[in-house]
Amino acid sequence: MSNTTTPNGMDFNLNEEHLAVQEAARDFATNDLLPGVITRDEEQKFGPELIKKMGELGFLGMMVAPEYGGGGMDTLSYVIAMEEISKIDASASVMMSVNNSLVCWGLETYGDEDQKRKYLTPLATGKVIGAFCLSEPEAGSDATSQHTTAIDAGEHYILNGTKNWITNGNSSSICLVIAHTHPEKAHKGINAFIVEKGTEGFVVGKKEDKMGIRASDTHTLMFSDVKVPKANRIGEDGFGFKFAMSTLNGGRIGIAAQALGIASGAYERSLQYSKERKTFGKPISEHQAIQFKLSEMATRIEAARLLVYKAARLKDQGKDYIKAAAMAKLFASDVAMWVTTEAVQIHGGYGYVKEYHVERHMRDAKITQIYEGTSEIQKLVIAREILK
Ligand code: CAA
């Protein structure tokens, strides 16, 4: 038993299962992800064999019930695995996060039995990977401003529009697409649909050339008169905006864990480097200037971990976690940006070149302040929660 306790007495009680998940994720990250991580970043390629392995090891459907092929684990196990994988490869962890906390969780929580049997099982077992399609050229933070439309045409809906910055845009087989069915009803006229790749009129567009998480595939997706069966609408008519918001609440815990992992990875590399690199006749870890940096990095990371674990625990206990998830993401993403910048500074000239990994961590950190709700949106969510 390994306990992590917050000052107000919240006890996280990491059990043997949590520790086993941590070890398995660490092994996978070290043995399978670390070799080639720099090349994958440069070439902007992930490789289907790695996605397959993540699926076989159970990292793509961690919280899904075993009856649908998932691992039946709690959210705390999931964030522990996310941290370990993000320490090495944040491109892998964003693919994992979107599949687990947006696509699988959304389907398991709000899908009907037929949808779960048909779509959730292949997603949870890693046979296929999914994408969550909310953002549009003119609907990023302002998610209600959906221009994609799904018009009721009897047996099916006709989907038209464009989605932007879609993680797993090309590698996914199953997409959850948010669209307006009744634009005059504003957010109450939005629905969520399961759309299969290969459906006529569904085209994968431009691949983004990104600053960070470069090995993950981020694409524009286009829908032109795509027929979506009525059976593929998730929930009651008009439930789509609530579906997206509620799914993103949990997604933010996953991204907070990713930010935590990026920070931890950069910190661990800096700690190691500071013991090896000598200046002025001694290891730089013996210089107070470096010690102060390491101390502050470790402290901020520990604080971020407590927020991430707290949000995960609240979700596992069935309690309200909207504010906790937003706080965890807001704080952990700032920690990731700050720690990775300091990691580059500690490494000096070596930090500025790819071989030492920390420049990648710094580039990867930035997106955690942007996707699944920018830091500004997290502040808005927190303010609404504390003021209501
Ligand atoms: N949880 C549950 N319900 C919520 C919610 C939340 N966090 N936030 C809003 N809602 C509900 C409200 O209660 C309201 O419900 P009622 O109709 O019953 O009253 C409804 O949704 C509309 O809410 P608002 O009036 O507050 O809507 P708004 O337009 O003022 O603001 C927002 C909503 C919080 C700003 C929202 O647009 C938002 O979260 N924007 C950010 C979008 C985002 O995170 N995008 C990420 C893209 S996905 C991604 O990045 C994935 C990837 O690939 C990595």
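Which ³J(HN,Hα) values, rounded to whole Hz and listed in residue order, are derived for segment 309-316 from phi using the Karplus coefficients 6.51, -1.76 and 1.60 in 6.51 cos²θ - 1.76 cosθ + 1.60 with θ = phi - 60°, glycine and proline given as x?
4, 4, 4, 5, 5, 4, 5, 5
Pairs of Cα atoms under 8 Å, at least six residues apart: use those to get the relative contact order of segment 122-227, whole percent.
29
Separation of segment 61-99 and segment 217-232 by C-alpha centroid, Å?
26
Under the rule a/c < 1.5 gives rounded, and otherwise a/b versus b/c splits prolate from oblate, where does segment 242-346 land using the Cα gyration tensor?
On the way: a/c = 3.86, a/b = 3.14, b/c = 1.23.
Cα axes put segment 242-346 in the prolate bin.
Of all beta bridges DSSP finds with both residues in segment 125-255, what is the antiparallel percent, to the nearest 5?
85
Between 0 and 90 degrees, rounded to the nearest ten: what's the tilt of helix 322-347 against the longest Cα principal axis of the chain?
40
If you put +1 on each Lys and Arg Cβ and -1 on each Asp and Glu Cβ, how big is the dipole of segment 167-245 around its Cα centre, in Debye rounded to 20? Let's see the in-between values first.
Working: 11 positive and 9 negative charges, 28 e Å.
Roughly 140 debye, rounded to the nearest 20.
Each residue of segment 107-122 in order: what ³J(HN,Hα) in whole Hz does its phi give by Karplus 6.51 cos²θ - 1.76 cosθ + 1.60, θ = phi - 60°, with x for Gly and Pro?
5, 5, 7, 10, x, 8, 4, 5, 5, 5, 4, 6, 10, 5, 4, x
With only Lys, Arg, Asp and Glu charged, each at its Cβ (+1 for the first two, -1 for the last two), find how big the charge dipole of the chain is about the Cα centre; round to the nearest 20 debye.
For the chain, the charge dipole is close to 660 debye.
So what's the angle, to the nearest 10 degrees on a 0 to 90 scale, between helix 16-28 and the longest Cα principal axis of the chain?
Roughly 80 degrees between the two axes.
Glu136's amide H: which non-local residues (gap 5+, or another chain) put their own amide H closer than 5 Å, with H modeled 1.01 Å from N in plane and none for Pro or chain starts?
Asn164
So what are the ³J(HN,Hα) numbers for segment 53-67, from phi and the Karplus equation (6.51, -1.76, 1.60; θ = phi - 60°), rounded to whole Hz, Gly and Pro as x?
Rounded to whole hertz, the list is 5, 4, x, 4, 7, x, 7, 9, x, 4, 9, 6, 4, x, 4.
Could you tell me how many degrees, from 0 to 90 and to the nearest 10, lie between the Cα long axis of helix 358-367 and the main elongation axis, the longest principal axis, of the Cα atoms of the chain?
Helix 358-367 sits roughly 30 degrees off the main axis of the chain.
What shape does segment 144-259 take by its C-alpha gyration tensor, where a ≥ b ≥ c are the square roots of the eigenvalues and a/c under 1.5 counts as rounded, a/b above b/c as prolate, and the rest as oblate?
Verdict is oblate for segment 144-259.
Grab the DSSP H runs of the chain that are 4 residues or longer, score each as -39,500 (n - 2.57), total them, divide by all residues and round the 222 nm result to the nearest 500 deg cm²/dmol. Walk me through the numbers on the way to the answer.
Working: 12 runs with 176 residues, N = 388.
Result for the chain, helices only: -15000 deg cm²/dmol.
Please state the shape class of segment 90-173: rounded when a/c is under 1.5, otherwise prolate if a/b exceeds b/c and oblate if not, all from the C-alpha gyration tensor. Intermediate results must be reported in sequence, preceding the final value.
Details: a/c = 2.03, a/b = 1.16, b/c = 1.75.
Verdict is oblate for segment 90-173.
As I understand it, the dipole of the chain uses +1 on the Cβ of Lys and Arg and -1 on the Cβ of Asp and Glu, about the Cα centre. Which of Leu33, Leu134, Leu387 lies farthest toward its positive end?
My answer, from the dipole projection, is Leu387.
On a 19 Å Cα-Cα criterion, which of the cross-link pairs Lys185/Lys227; Lys53/Lys329; Lys210/Lys366; Lys116/Lys329; Lys210/Lys354 come out too long?
With Cα atoms farther than 19 Å apart: Lys185/Lys227; Lys53/Lys329; Lys116/Lys329.
Let me see the pair-distance distribution of the chain: every alpha carbon pair, 20 Å bin width, integer percents in order.
Result, from short to long distances: 29, 57, 13, 1 percent.
Expressed as a whole number of Å, what is the distance separating the alpha-carbon centroids of segment 234-259 and segment 280-328?
Measuring centre to centre over Cα atoms gives 24 Å.
State, as an integer percentage, the relative contact order of the chain based on alpha-carbon contacts under 8 Å between residues 6 or more apart.
Computed value for the chain: 16 percent relative contact order.
Since every read-out is calculated from the coordinates, none of them should be taken as a lab result. Everything numeric here is computed off the predicted structure, so don't read it as measured data. Virtual Cβ from ideal backbone geometry, glycine too; neighbours counted across all protein chains shown.
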